[in-house]
Amino acid sequence: MQIVKFNRNESQTIWKWRVNSGGEGMIAIVDYGMGNLRSVTNAFKKLDADVVVTREKETLGASSAIVLPGVGAFGRCIENLKALELFDFIKELISEGKLYLGICLGMQILFEASEESPGLEGMGFIKGRVPRFTGNVKVPHMGWNSIEIVKEHPIFEGVEGGSHFYFVHSFYCQPDEEGVTATKTMYGGDFVSSVQKGNVFACQFHPEKSQRIGLRLLQNFIRLSKV
């Protein structure tokens with residue numbers, strides 16, 4: 001498997017711009033009426049992060065990083081974000097370079113479309129779609145599974161290939177872009193379990209439910225939001 005190296009000089013410029021354009025080290029968790037907000041918030045608080053749960057544009061815009069968690073349906077997630085006038089706003093912040101962590105649905109909505117909600121467009125930040133698992137596998141994919149790291153990035157500092165994370169999902173992301181796949185996981189076949197593109201990192205697994213190794217990944221994200 002080819003390892004794609006992360007451009008650290010480019011990343012340092014991006015991180016510095018981001019912090020200067022937002023709240024000093026403040027991480028905003030998006031409250032859009034869905035998702036496991038409590039467990040995500042508790043995980044960040046356990047790591048002594050400066051974190052706020054919000055649906056206010058001003059707070060999101062002033063933050064140094066955004067976290068969008070989610071458990072549920074692709075369509076309802078997008079509809080809720082649009083009802084709060086956050087869908088296009090968050091998309092714009094991401095395009096402008098805001099540091100972003102997407103968890104589960106927060107990863108899926110970055111793509112163009114999902115089989116779960118035909119006719120409904122995602123953000124399209126990453127080209128590709130979100131199909132449902134098929135074949136001789138149990139759906140949903142739920143429980144612990146390992147990751148194969150295929151793209152070096154500071155988010156994986158201290159996280160080894162083969163580390164186990166917690167998953168619960170029936171749909172998976174299938175990018176059409178080269179170079180965005182960060183990890184792969186085997187479940188009936190390889191699927192993309194996390195992506196990284198510029199200022200965006202998103203994972204299908206739940207770091208907030210993945211004990212020590214999940215906390216390490218979140219700690220790395222906190223560190224990157226302060227650089």
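The values are calculated or read from the model by the stated rules, or taken from the named source; none is laboratory data. Just so we're clear, the structure is a prediction, and the values are computed from it rather than from any experiment. Don't worry about glycine lacking a Cβ; one is built from the backbone with ideal geometry, like all the others, and counts go over all protein chains shown.
In the set (1) under 25 Å from Val180 (Cβ atoms); (2) at pLDDT 95 or above; (3) surrounded by 15 or more Cβ atoms within 10 Å (Cβ to Cβ); (4) more than 14 Å from the chain's Cα centre (by Cα), the condition left unmet by Trp15 is number (2). Checked against the criterion of being within 13 Å of Gln174 (Cα to Cα), in contact with a Lys or Arg (Cβ under 8 Å, 6 or more places away or on another chain) and at pLDDT 95 or above, the candidates Glu112, Glu116 yield just one match: Glu112.
Scanning region 174-210 for residues that are out of contact with any Leu (no Cβ under 8 Å at 6 or more places or on another chain) and acidic (Asp, Glu) gives Asp176, Glu177, Glu178, Asp190. Candidates Ile78, Ile103, Ile149: the one that is closer than 30 Å to Lys226 by Cβ, in contact with a Leu (Cβ under 9 Å, 6 or more places away or on another chain), in contact (Cβ under 8 Å) with a residue 12 or more places away in the chain and among the hydrophobic types (A, V, I, L, M, F, W, C) is Ile103. Output yes when any residue across region 196-213 is under 14 Å from the mean Cα position of the chain (by Cα) and small (Gly, Ala, Ser), and no when none is. Yes.
Select from region 158-196 the residues that are among the acidic types (Asp, Glu) and within 25 Å of Ser117 (Cβ to Cβ) and write down the one among them that is surrounded by the fewest Cβ atoms within 10 Å (Cβ to Cβ).
Filtering region 158-196 for residues that are among the acidic types (Asp, Glu) and within 25 Å of Ser117 (Cβ to Cβ), the one surrounded by the fewest Cβ atoms within 10 Å (Cβ to Cβ) comes out as Asp176.
Of the strands (runs of 3 or more DSSP E) contained entirely in region 24-68, those carrying at least 1 residues that are surrounded by fewer than 17 Cβ atoms within 10 Å (Cβ to Cβ) fall at 51-54. Screening the candidates Lys98, Lys138 for the property of being without any contact (Cβ under 8 Å) to a residue 24 or more places away in the chain and over 20 Å from Asp176 (Cα atoms) yields one hit, Lys138. Of the residues making up region 53-70, just one is out of contact with any helix residue (DSSP H, G or I) (no Cβ under 7 Å at 6 or more places or on another chain) and either under 17 Å from Ala202 (Cα atoms) or among the β-branched types (Val, Ile, Thr) (or both), namely Thr59.
Scanning region 205-221 for residues that are of a type in the set (A, V, I, L, M) and surrounded by fewer than 21 Cβ atoms within 10 Å (Cβ to Cβ), we see that the one that is nearest to Gly143 (Cα to Cα) is Ile213. Being small (Gly, Ala, Ser), in contact with a Leu (Cβ under 6 Å, 6 or more places away or on another chain) and in contact (Cβ under 8 Å) with a residue 60 or more places away in the chain is a property that Ala65 has.
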